[in-house]
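Data block below; observations after.
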Amino acid sequence: MALAFWVTGALYLLTVATRARAATECSSLSNTTCERCLKNVTCLWCNTDSKCVDYPVKNILPPSSLCKLSDARWGVCWVNFEALIITMSVVGGAIILSVVVCCCCCCRKKKSRSSAVDNEKATRENEERRARQEERRAQMKTRHDEIRKKYGLFKEENPYTKFDS
């Protein structure tokens, strides 16, 4: 993914540079130095035969018939395409991995927060339900006692009790 961003940026630079190409052609800079060749951003330096060639804009990477990736230089002389591809892949992978890890951590924190809130809410609801149930029991008991009194079924406390020996 990061490589795609780099390649897109590189292609954009190449197309802009191609339009505003310097008066010097890349092939005329062959058998000079890498630094001199790469001053023109449309040029590609090949280390094997000290050739300075036009960058193949139609291809993302220079073909091996033009120059091997380990010997191709573009932009700066100290980085070859092979190392650049590997570095950009590792950096891109690390960025993607860190984004995934951050997303997972955020989701886990959100879950734990919501579960704590849910637990508190469930406890509060249970207490309210228990209180309503106790209130209904008390109302039912008083209603039953009234019915028992009405029909003479109410058992009043016996004033007489057995003596314990």
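The values are calculated or read from the model by the stated rules, or taken from the named source; none is laboratory data. Source: prediction; values computed, not measured. For neighbour counting, all protein chains shown are included, and Cβ atoms are generated from backbone atoms with ideal geometry for every residue, glycine included. Side chains included, ligands, DNA and RNA excluded: accessible areas come from the protein's heavy atoms. Shrake-Rupley method; radii C 1.70, N 1.55, O 1.52, S 1.80 Å.
Overview of values
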| item | result |
| --- | --- |
| Test: Ser70 is modelled with pLDDT of 90 or more and either assigned to a loop (DSSP other than H, G, I, E, B) or under 30 Å from Cys26 (Cα atoms) (or both) | no |
| Residue list for the range 27-52, restricted to those being over 20 Å from Ser70 (Cβ atoms) and not in a loop (DSSP other than H, G, I, E, B) | Ser27, Ser28, Leu29, Arg36 |
| Total residues in the range 30-67, condition among the hydroxyl-bearing types (Ser, Thr, Tyr) and open to solvent by less than 60 Å² (accessible area, probe 1.4 Å) | 5 |
| Selection from the range 68-88 of residues that are of a type in the set (Ser, Thr, Tyr) and exposed (fewer than 14 other Cβ atoms within 10 Å of the Cβ) | Ser70 |
